[in-house]
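Down below is the structure, laid out as structure tokens.
The values are calculated or read from the model by the stated rules, or taken from the named source; none is laboratory data. Computed from a prediction, not measured in an experiment: that's the story for all the values here. Positions of Cβ are backbone-derived with ideal geometry, glycine not excepted, and every protein chain shown enters the neighbour counts. These area figures cover heavy atoms from the full protein model, side chains too; ligands, DNA and RNA do not enter into them. Shrake-Rupley method; radii C 1.70, N 1.55, O 1.52, S 1.80 Å.
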Amino acid sequence: MCGIVGYVGHRQAADVIVDGLTRLEYRGYDSAGVVISPRGEAASKLDVVKRAGKLSVLKDALVTSPLQGTLGLGHTRWATHGKPNDVNAHPHLSEDYKLGIIHNGIIENYLELKQELLAKGHVFLSETDTEVMVHLIEEHYRGDIVEAVRNALKQVTGAYALVVSHADHDVIVAARATSPMVLGLGDNENFVASDVPALLPYTREVIFLHDGDMALITQEKITLTDFDGNAIEREVSTIDWDAEAAEKAGFPHYMLKEIYEQPTVLQNTFGGRFVGNGTDVQLDLKLDPMRVNRVVITACGTAYYSGMVGEYLIERMARLPVEVEVASEFRYRQPVLDANTLCIVVSQSGETIDTLEALREAKRQGAKTLAILNVKGSSISREVDDSLYIHAGPEIGVASTKAYMAMVAAFELLAVWLGRARGTLPDSEAAEIIKALRATPHMVEDAIKERHHIAEIAEAFKGFSDYLFLGRGINFPTALEGALKLKEISYIHAEAYATGEMKHGPIALIDDQMPVVCVATASELYEKTVSNIQEVKARDGIVIALANPEDEQIKAHADYVIKVPQTHELVSPVINVVAMQLLAYETAHRLGLDVDQPRNLAKSVTVE
Ligand code: F6R
């Protein structure tokens, strides 16, 4: 999940690399480094600058010690092996400064390889698994760097994206096993990066590397082979994202910009998918809904909570049994799947390793697979049978907002589509739900208008150390997502419970020191929710209720009411999550925290 950028061409490589790393900083940001090659001058050495801390620390160091040269590699790190410090930062170099390496992912057999290399006299400087690759490639080097990398990789197991440069060779060698890597094709210059945004100011022509691909990148051309050196070809894709789309557009934080983008995102997710006089949904899927008798949804974090909403929706509309499980558990518990099981994986990045491996497990067992995804060309998109894209655009804020809303919207579409095809969702109900879905962009706009009131609530409770979130039915996942958002960016401890569960334990925690955020919008269980709120009040609890504007009754029971537009109960999670996102944002902002890059987190988790 770290960021990689490599460049060879006619510009100063350090400038291109630092610019690209800035666009990837959301991937990892505990240390950063750049290595530049003087491009083949005899007996030359690589130049390196690397620093612990955010990219700004590296940028300052490069002002004092500028690096000159037109071939180079750079990295922002999110530590796995070894703590974030200057020595463990990438690039890693050989003792003679000839060989420089950057690596994302994990070399699983690094301890075993390290023992062998130590026995052969190699001296290790860092605590990283990556440094093993430096010594292993050195060990295989006989004057041909490509051959040396190829032979080294034969000894390695794990998931990685690797880029290598050597002072005596005018080439960047890149190799991919699981961790994402994309090549950028320029005019008399070429690029490699872990993600597309790094390349956008320079080129839109890209090649996504597949697992087992190696690329030899020179100023003039890119040659692709497999790990045995056999030539391969990959399609060139043109990226149609607007580079502006990845900027903050005047907002103080990406997260806030992305919250405000949600009405447009919904329009994009729904775009062209409602048909038949507003009673049907059209999805471009190969899947035959009549050949499914069970659904299993698996994903991580926020994407997993969208899957929990999906469970309610698919069970209600398509009358199929649905199970939801976190992907990191799913693949280790020998799940029972068969050819009539539809396994749905959900991922914004399409690169989350746990989700990717869960997909692979489902495929191994012969299940049908479908991915709800944002990033096209991602690893999951290439392995799954069918993809349903959410079209949320690039999400930069580490805490997911617009992707979550679009995932829930995609589940709404999928549930209607399945229900219609299976004959379990009558015309009238489909029409009602689709009408409600069509109104969501405006309703989300209205929900965002509560921001100033939510900011006052955030101000009142920013100093509290615990929060409880309650929701039931299809809004239980909304409560879970609210608690996750608050934890992630404000570092306030927050727990979420299904409202009816409160009296089975968490009620013991209620006092005047723990705000309780409760989803109390219109639902079949509204009256029961109001009783639960009264139970909190009876114990001196502080209640912040999410309720519909017409609800007068709630004011008598809640200390604060956040108004959320009223919609069909099955559509309400799309609208209700906005208040949760804004409460987390306003709290973290008031605490002076780094909203877009919360501590210990990274945008895309490509290691286990
Ligand atoms: C939370 C968050 C994470 C991700 C999770 C899965 O705000 O962003 O919990 O949802 O890491 O990521 P994707 O969707 O890329 O698979």
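Residues in the range 581-595, backbone N under 19 Å from the label point at residue 459 (7 Å along the Cα-to-beta-carbon vector): list them, ranges by number please.
Within reach of a label on residue 459: 582-593.
What's the angle, to the nearest 10 degrees (0 to 90), between helix 13-24's Cα axis and the longest principal axis of the chain?
The two axes meet at around 20 degrees.
Select from 238, 547, 188 the residue farthest towards the positive end of the dipole of the chain; place +1 on Cβ of Lys and Arg, -1 on Cβ of Asp and Glu, and compute about the Cα centre.
547
If packing is taken as the average number of other Cβ atoms within 10 Å across a peptide's residues, how do 8-19, 551-562 rank, most packed first?
The most tightly packed comes first, giving 8-19, 551-562.
For an R0 of 25 angstrom, estimate the FRET efficiency from the Cβ-Cβ distance between residue 10 and residue 116 and round to the nearest 0.05.
My answer for the efficiency is 0.05.
When the chain is fully extended, how far beyond the present Cα-Cα distance does residue 59 get from residue 97, taking 0.36 nm per residue of separation?
11.5 nm
As an exercise, identify the trypsin sites (Lys or Arg not before Pro) in the range 466-550 lying in DSSP coil whose Cβ has no more than 16 other Cβ atoms within 10 Å.
539
Ignoring ligands, DNA and RNA, what percent of the accessible area of the chain is carbon or sulfur (1.4 Å)?
Roughly 48 percent of what the probe reaches on the chain is carbon or sulfur.
Could you state the principal axis extents of the C-alpha atoms in the range 1-160, from the largest down, to the nearest angstrom?
Principal-axis extents of the range 1-160 (Cα, largest first): 40, 36, 23 Å.
At 222 nm, what helix-only mean residue ellipticity would the chain give, in deg cm²/dmol to the nearest 500, using -39500 (n - 2.57) for each DSSP H run of four or more?
-10500 deg cm²/dmol, from helical runs alone.
Report, for the range 449-590, the % of DSSP beta bridges that are antiparallel, rounded to 5. Spell out each step's value before the answer.
Numbers: 0 of 18 bridges.
That works out to approximately 0 percent antiparallel.
Would you mind working out the magnitude of the charge dipole of the chain relative to its Cα centre, with +1 at each Lys and Arg C-beta and -1 at each Asp and Glu C-beta, to the nearest 20 Debye?
That gives the chain a dipole magnitude of about 300 debye.
Using only the alpha-carbon atoms of the chain, report the extent along each of the three principal axes, biggest first, to the nearest angstrom.
82, 53, 44
Averaged per residue, what accessible surface does the range 248-343 expose to a 1.4 Å probe, in Å²?
Value for the range 248-343: 44 Å² per residue.
Helix 476-490 versus the longest principal axis of the chain: what angle, 0 to 90°, nearest 10, using Cα atoms?
Its long axis makes an angle of about 50 degrees.
So what is the relative contact order of the chain, in percent, for Cα pairs below 8 Å that sit 6 or more residues apart?
12
Set Lys and Arg Cβ to +1 and Asp and Glu Cβ to -1, take the dipole of the range 259-438 about its Cα centre, and tell me which of 281, 409, 353 lies farthest positive.
Positive-most Cα among the choices belongs to 281.
Within the range 395-425, name every residue whose backbone N is under 20 Å away from a label modeled 7 Å from Cα of residue 445 along the Cβ vector.
Zone members listed by number: 402-403, 405-406, 409.
Can you give the accessible area per residue of the range 392-455, in Å², using a 1.4 Å probe?
Solvent-accessible surface per residue comes out at 31 Å².
What do you reckon, how do 481, 357, 315 stack up by accessible area (1.4 Å probe), largest on top? Each step should come with its number before you reach the end.
Numbers: 481 0, 357 40, 315 65 Å².
Accessible-area ranking of 481, 357, 315, largest first: 315, 357, 481.
Between residue 512 and residue 329, what length in nm is gained on full extension when 0.36 nm per residue of separation is reduced by their alpha carbon distance?
Here the answer is 62.2 nm.
Based on alpha-carbon centroids, what's the gap between the range 449-470 and the range 554-604 in Å, whole number please?
9
Take every DSSP beta bridge whose two residues both sit in the chain, then give the antiparallel share in percent to the nearest 5.
So the antiparallel bridges amount to about 60 percent of the total.
When the chain is fully extended, how far beyond the present Cα-Cα distance does residue 232 get from residue 493, taking 0.36 nm per residue of separation?
Separation in residues times 0.36 nm, less the Cα-Cα distance, equals 88.9 nm.
Compute the helix-to-body angle for 451-461: its Cα long axis versus the longest principal axis of the chain, expressed 0 to 90° and rounded to tens.
For 451-461 against the chain, the angle is about 90 degrees.
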